[in-house]
Amino acid sequence: MDFEAFFEDRLANLKEEGNYRVFTDIERHKGSFPAATRHHDGDTHDVTVWCSNDYLGMGQHAVVLKAMHEALDRCGAGAGGTRNISGTNHYHVLLERELADLHDKESALLFTSGYVSNWAALSTLAAKIPGCIVLSDALNHASMIEGIRHSKAEKHIWAHNDPEDLDRRLSAMDPDRPKLIAFESVYSMDGDIAPIAEICDVADKHGAMTYLDEVHAVGLYGPRGGGIAERDGLMDRLTVIEGTLGKAYGVLGGYIAASTALCDFIRSFASGFIFTTALPPAVAAGACAAVKHLKSSELERSRQQRNVRVVRQRLADIGIPTLDNPSHIVPVMVGDPVKCKEISDWLMANHGIYVQPINYPTVPKGTERLRITPSPVHSDEDIERLIVALSDIWSQCALHRKYDVA
């Protein structure tokens, strides 16, 4: 087989379909994000980033940078090993305590990313609990799907955010078999929010465990940033809450929060935890500072929510179609992969506005979009430039506009 020809042919197909992914090479500007410098074809250009998952700008926050500098000077660069073999730094312990407190759980366990925490925790629980059946929401993240698949446990996919379908499926199963319901709070591409209370009601009815992914909600919702479950007063009803430190907290890493026994079980049996070098101490220190800060500060959340409302209303005023949702994610719907990339490229080239095109397989074909994430560090001038530029390119491409009819 000509392997190189095979690789090149498959890549050519992606490009022809408009689904080939191109990395945008940027340098974020410390203290002035969303400003960044783009490197392209040997030149540099100023850009404004509108698609970051650093939702609150905490990756630039002074309290986070100070904590990381102090930890780097105190402990050096790396952890030096796995958590079991010399790699448990005191900053890891302090961060796990903060995360357990955040979610009002007995314990928490750190991982190197949100992807790994989902993969390791779900695969271990589903594989090690004898006869476990996993019920997975139809739109769960790839990390959850891969973890469940790796467990080789019996799996059933229930209709997205549909507690009635979940109940029907559970009612048809052996009541004596253990069951695990896996779902998310905020779904990252459409921005919709799960009916957590109703799902917990179904879980209670059937004696099932609940596993909630809050990666797009922690830091952003609830009086202390504990996510949608905290906002709605439901944290005590969830068996496992999983989160990330790489989005609203602005650093890197993932975690689960649960009972002491469950976290210890994952710690003791999950290969994705046991055999991975621990997070650098400075990363743990920065994340800990971010979690602490957002437990007491509402400034970032309130400013972000204000900017989200403004962007949504301005887009509606000029007829740019978006998916209606109650979260901070603003999907601008294009519906064509080639046009989606052309719009993204045009915004960058003509206005220095960076919005990544989101195409298949991240979203279904025909639902291609620009995923805009307004943050508290976007100015009113930034918003104005975005709206004017989008209106201009929408007209140039003769794309459909949608206006509310009173």
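The values are calculated or read from the model by the stated rules, or taken from the named source; none is laboratory data. Note that the structure is predicted; figures quoted are calculated from it, not measured. All Cβ positions, even for glycine, are placed from backbone atoms using ideal geometry, and neighbour counts span all protein chains on display. In case anyone asks, the SASA skips ligands and DNA or RNA and just uses the protein heavy atoms, side chains included. Shrake-Rupley method; radii C 1.70, N 1.55, O 1.52, S 1.80 Å.
Assorted remarks:
- Whenever a residue of region 41-57 is in contact (Cβ under 8 Å) with a residue 24 or more places away in the chain and under 13 Å from Asp25 (Cβ atoms), its partners that are part of a strand (DSSP E or B) and basic (Lys, Arg), lying with C-beta atoms within less than 6 angstrom and at least six residues away or across chains, give the pairs His45/Arg38; Val47/Arg38.
- For His351, the requirement of being without any contact (Cβ under 8 Å) to a residue 60 or more places away in the chain and within 25 Å of Gln305 (Cα to Cα) is met.
- Just so you know, in region 210-234 the residues that are open to solvent by less than 30 Å² (accessible area, probe 1.4 Å) and outside any loop (DSSP other than H, G, I, E, B) include one that is farthest from Gly191 (Cα to Cα), and it is Thr210.
- Here is the figure for region 345-357: residues that are open to solvent by less than 30 Å² (accessible area, probe 1.4 Å) and at pLDDT below 95 total 1.
- The listed residue being under 27 Å from Tyr255 (Cβ atoms), part of a strand (DSSP E or B) and open to solvent by less than 40 Å² (accessible area, probe 1.4 Å), out of Leu110, Leu99: Leu110
- When region 375-403 is filtered for residues that are touching a Pro at 6+ places or on another chain (Cβ under 8 Å) and either on the phi > 0 side of the Ramachandran plot or not hydroxyl-bearing (Ser, Thr, Tyr) (or both), the ones remaining, listed by number, are Val377, His378, Asp382, Ile383, His400, Arg401, Lys402.
- Filtered by the rule that a residue be touching an Asp or Glu at 6+ places or on another chain (Cβ under 8 Å), in a helix (DSSP H, G or I) and of a type in the set (Val, Ile, Thr), region 168-209 gives Ile196, Val202.
- Exactly one residue out of Asp176, Asp104, Asp201, Asp165 is in contact with a strand residue (DSSP E or B) (Cβ under 8 Å, 6 or more places away or on another chain) and of a type in the set (D, E, K, R): that is Asp165.
- Contacts under 6 angstrom Cβ, first residue in region 1-19 being open to solvent by 100 Å² or more (accessible area, probe 1.4 Å), partner in a helix (DSSP H, G or I) and of a type in the set (Gly, Ala, Ser), 6 or more apart: none
- Restricting region 21-38 to residues that are under 21 Å from Thr362 (Cα atoms) and modelled with pLDDT under 90, the residue that is most open to solvent (accessible area, probe 1.4 Å): Arg21
- Here Phe23 qualifies as in a loop (DSSP other than H, G, I, E, B), without any contact (Cβ under 8 Å) to a residue 12 or more places away in the chain, under 19 Å from Thr373 (Cα atoms) and not acidic (Asp, Glu).
- Residue list for region 236-263, restricted to those being surrounded by fewer than 23 Cβ atoms within 10 Å (Cβ to Cβ), over 21 Å from Ala287 (Cα atoms) and not charged (D, E, K, R): Thr239, Ser259, Thr260, Ala261, Leu262
- Flag for Ser143 being hydroxyl-bearing (Ser, Thr, Tyr), outside any helix (DSSP H, G or I), open to solvent by less than 10 Å² (accessible area, probe 1.4 Å) and farther than 16 Å from Ala282 by Cβ: no
- Residue, nearest to the chain's Cα centre (by Cα), within region 58-75, restricted to residues that are more than 30 Å from His378 (Cα to Cα) and surrounded by 13 or more Cβ atoms within 10 Å (Cβ to Cβ): Cys75
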